[in-house]
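These notes concern the structure reproduced below.
The values are calculated or read from the model by the stated rules, or taken from the named source; none is laboratory data. Fair warning: this is a prediction, and the values are worked out from it, not measured in the lab. Note that we place each Cβ from the backbone using ideal geometry, even for glycine, and neighbour counts take in every protein chain shown. Accessible surface is based on the protein model in full, side chains and every heavy atom, while ligands, DNA and RNA are left aside. Shrake-Rupley method; radii C 1.70, N 1.55, O 1.52, S 1.80 Å.
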Amino acid sequence: QVEVVESGGGLVQAGDSLTLSCAPSGRTFNNYRMAWFRQPPGKAREFVASISRNGGSTYYADPMKGRFTISRDNAKDTVYLQIESLQPEDTAVYSCAASSRVVPTTSLGTYDFWGQGTQVTVSS
């Protein structure tokens with residue numbers, strides 16, 4: 001079992017930047033591909049980005065390219081999501097997930113463990 005805990009969300013102004021953190025525990029962190037998803041109010045959960053086990057490769061949903069950066073520090077067992085130039089449409093619950101699959105995947109069903117999520121609210 002892997003417990004995933006996100007942090008770093010909050011209320012920010014449009015144009016601000018924010019870094020979310022995710023700290024899985026319970027199993028070897030670097031055995032998992034890690035990803036961020038988000039769920040805007042009233043909408044389905046959507047893939048944001050994923051990162052390989054060693055951090056050597058990243059994959060982003062097309063709308064997220066440019067303002068979102070995923071990274072990981074395996075020494076600290078932590079994965080990050082940096083978001084720049086936040087816009088009101090970025091308002092969502094951001095969740096971290098872990099997958100034992102090696103290949104990049106955007107499908108929710110391919111992720112084995114999920115956190116509860118952290119709320120990001122962007123005011124205009």
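Key figures
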| read-out | value |
| --- | --- |
| Per-q log10 I(q)/I(0), the chain, q = 0.09 Å⁻¹ (Debye; single scatterer per alpha-carbon; no solvent) | -0.21 |
| Residue-normalised accessible area of the stretch 15-79, expressed per residue, 1.4 Å probe, Å² | 50 |
| Within the chain: Cβ-based charge dipole about Cα centre, in debye rounded to nearest 20 (Lys, Arg +1; Asp, Glu -1) | 340 |
| The stretch 16-85: radius of gyration over Cα atoms, expressed as a fraction of 2.2 N^0.38 Å | 1.12 |
| Accessible carbon and sulfur surface of the stretch 15-62 relative to its total accessible area, %, 1.4 Å | 41 |
| Pair Ala23, Asn54: separation of 7 Å Cα→Cβ label points (nm) | 2.7 |
